[in-house]
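Single-structure report; data block below.
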Amino acid sequence: MPKRKTTTIMNFQFTEEQLAVQMAAREFAQKECLPGVIERDEKQQFPAEQIKKLGELGFLGMMVDPKYGGGGMDTVSYVLAMEEISKIDASVSVAMSVNNSLVCWGLETFGTEEQKQKYLTKLATGEWIGAFCLSEPEAGSDATSQRTTAIDKGDHYVLNGTKNWITNGNSCSVYLVIAQTDAAKGSKGINAFIVEKNTPGVVVGAKENKLGIRGSDTHSILFNDVIVPKENRIGEDGFGFKFAMKTLAGGRIGIASQALGIASGAYELALAYSKQRKAFGKEISNHQAIQFKLADMATEIEAARLLCLKSAWEKDNHLDYTLSGSMAKVFASEVAMRTTVEAVQVHGGYGFVKEYHVERLMRDAKITQIYEGTSEVNRIVISRTILK
Ligand code: CAA
């Protein structure tokens, strides 16, 4: 019989650094995010203080090179931190995900040195936060159908159009905006731009009144004859759609981790509640009907966690993570829905009232199946890859 080989590549142990990040995020979530989370949700209040402290902890530019003010951490650490913060407040973690995955990563990977010095250094430290403007009233999943135009005027572009459902829409200082420069070229005529919020012609539109992540600051943004200097274009002319797709591939790891956190937060609450609540003369955790629900939750959450971590590991090892990121996003977001619905059920009538947190987690879970690529879009990405 051949001698069994051991591998040093598949390693399920976290490093000391990764565990320290997980612990710091857990502590931050408990101490800074838990107090007031129900009120912020009710009042749709942006967690400004929490985001400021997140920046001070280095969690808003976790993976950015320290030379630009970032934390220099790996994507595995990012998944661990996203899970911990999302257990408690997904309105905080979505701001964190957009800033890290879409804005900082996009700028660090594709920006010029001048753009990095001018913008990334502020965004990675949390002095500023950023927003990513791709979706439009008629271009959500069908992202190539951009109606926002960026007309080339020589040394600058003129931007006109409306973006919808923009996370951090009012609280940010800078937008990354995707716009159509040459409609005849289709997706190859699209560009991405850095637009400062205080540029004349930028108007922050109505704030959305949402089902979940109600603390998150979601707005439409209008661009009316906005002049954007040419040096604010990201990448070569026509690179904007690829920029958006490549950036979103990593963003999907962030949102998958958010979904994972929402699920594991709801599971932990249901587990604890089941050990306290008595019915028919014993704690409900002694009833098989509850035990099986908890068993399914724990199993699915573990599978979702492994998918998130595998995708993060691939990204850290410079492998293609597009497929695994979409798989993680589809699966984790569906686990978040199933788990939160069951966590409410385990809580019975108490689950339906706000004090027990699980109804909020259930409302928050839904968006993870919609933003950064709906489950359907991510199934397109997966099926195209496996059928290639
Ligand atoms: N990496 C690099 N290039 C990519 C790519 C990727 N991951 N995906 C597509 N491309 C390229 C294609 O190769 C193609 O280039 P060529 O013409 O040179 O071959 C080009 O982009 C056009 O691609 P498709 O033909 O595949 O385009 P499509 O119209 O069929 O659309 C889609 C594909 C996957 C559906 C895409 O439109 C999509 O991802 N839509 C969803 C958009 C999305 O996720 N929006 C989220 C908004 S941001 C957000 O939600 C943030 C927040 O608030 C939390």
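The values are calculated or read from the model by the stated rules, or taken from the named source; none is laboratory data. Keep in mind the model is a prediction, meaning the values are calculated, not measured. With ideal geometry, Cβ positions are generated from the backbone for all residues, glycine too; neighbour counts draw on all protein chains shown.
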Could you tell me whether the range 35-48 includes any residue that is more than 22 Å from Ala332 (Cα to Cα) and small (Gly, Ala, Ser)?
yes
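Do we find that Asp89 is touching a Pro at 6+ places or on another chain (Cβ under 8 Å) and farther than 24 Å from Ile221 by Cα in this structure?
It is true that Asp89 is touching a Pro at 6+ places or on another chain (Cβ under 8 Å) and farther than 24 Å from Ile221 by Cα.
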Take Ala289 and tell me if it is among the aliphatic types (A, V, I, L, M), assigned to a helix (DSSP H, G or I) and surrounded by 20 or more Cβ atoms within 10 Å (Cβ to Cβ).
no
If Gly250 satisfies every condition in (1) buried (at least 18 other Cβ atoms within 10 Å of the Cβ); (2) part of a loop (DSSP other than H, G, I, E, B) but one, which is the exception?
(2)
Residue that is of a type outside the set (Gly, Ala, Ser), in a strand (DSSP E or B) and modelled with pLDDT of 95 or more, where the choices are Lys185, Lys163
Lys163
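Conditions (1) out of contact with any Lys or Arg (no Cβ under 9 Å at 6 or more places or on another chain); (2) acidic (Asp, Glu); (3) within 16 Å of the ligand (Cβ to nearest atom), marked per residue:
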{"position": "Asn224", "(1), (2), (3)": "yes, no, no"}
{"position": "Arg233", "(1), (2), (3)": "yes, no, no"}
{"position": "Gly250", "(1), (2), (3)": "no, no, yes"}
{"position": "Glu268", "(1), (2), (3)": "no, yes, no"}
{"position": "Tyr273", "(1), (2), (3)": "yes, no, no"}
{"position": "Glu283", "(1), (2), (3)": "no, yes, no"}
{"position": "Phe292", "(1), (2), (3)": "yes, no, no"}
{"position": "Thr299", "(1), (2), (3)": "yes, no, no"}
{"position": "Leu319", "(1), (2), (3)": "yes, no, yes"}
If the Cβ limit is 6 Å and pairs must be 6+ apart or interchain, which residue in the range 88-116 that is crowded, with 24+ Cβ neighbours inside 10 Å pairs with which residue that is among the charged types (D, E, K, R) and at pLDDT 95 or above?
Ala90/Asp364
Restricting attention to the range 41-69, which residues are crowded, with 21+ Cβ neighbours inside 10 Å and either among the polar types (S, T, N, Q) or over 19 Å from Leu102 (Cβ atoms) (or both)?
Asp41, Gln50
Residue identified as outside any helix (DSSP H, G or I) and either among the aromatic types (Phe, Trp, Tyr) or not assigned by TED's automatic domain parsing to the domain that holds Ile88 (or both) among Glu302, Glu268, Glu236, Glu231
Glu236
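Out of all the residues in the range 139-156, which are at negative phi, away from the ligand (no atom under 13 Å from the Cβ) and out of contact with any helix residue (DSSP H, G or I) (no Cβ under 7 Å at 6 or more places or on another chain)?
Keep residues of the range 139-156 that are at negative phi, which gives 139-153, 155-156.
Still in the running and away from the ligand (no atom under 13 Å from the Cβ): 147-153, 155-156.
Within the range 139-156, Arg147, Thr148, Thr149, Ala150, Ile151, Asp152, Lys153 qualify.
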Among the residues of the range 316-325, is there at least one that is among the aliphatic types (A, V, I, L, M) and surrounded by 24 or more Cβ atoms within 10 Å (Cβ to Cβ)?
no
Which one of Ala256, Ala304, Ala279 is surrounded by 23 or more Cβ atoms within 10 Å (Cβ to Cβ) and more than 16 Å from the ligand (Cβ to nearest atom)?
Ala304
Suppose we filter the range 157-195 for residues that are within 13 Å of the ligand (Cβ to nearest atom) and on the phi > 0 side of the Ramachandran plot; how many remain?
3
Taking the conditions exactly as written (more than 16 Å from the ligand (Cβ to nearest atom), within 19 Å of Ile255 (Cβ to Cβ) and among the β-branched types (Val, Ile, Thr)), does Thr109 satisfy them or not?
no
Mind checking which residues of the range 347-385 are assigned to a helix (DSSP H, G or I), small (Gly, Ala, Ser), out of contact with any strand residue (DSSP E or B) (no Cβ under 9 Å at 6 or more places or on another chain) and more than 18 Å from Val37 (Cα to Cα)?
Gly349, Ser375, Ser383
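One line per residue, one yes/no per condition, for (1) touching a residue at least 24 places away in the same chain (Cβ under 8 Å); (2) surrounded by fewer than 16 Cβ atoms within 10 Å (Cβ to Cβ):
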{"position": "Gly349", "(1), (2)": "no, yes"}
{"position": "Lys354", "(1), (2)": "yes, yes"}
{"position": "Arg360", "(1), (2)": "yes, no"}
{"position": "Arg363", "(1), (2)": "yes, no"}
{"position": "Thr368", "(1), (2)": "yes, no"}
{"position": "Gly373", "(1), (2)": "yes, no"}
{"position": "Ile380", "(1), (2)": "no, yes"}
{"position": "Leu387", "(1), (2)": "no, yes"}
Which condition does Glu127 not pass, out of (1) farther than 16 Å from Phe193 by Cα; (2) away from the ligand (no atom under 16 Å from the Cβ); (3) within 19 Å of the chain's Cα centre (by Cα), if it passes all the others?
(3)
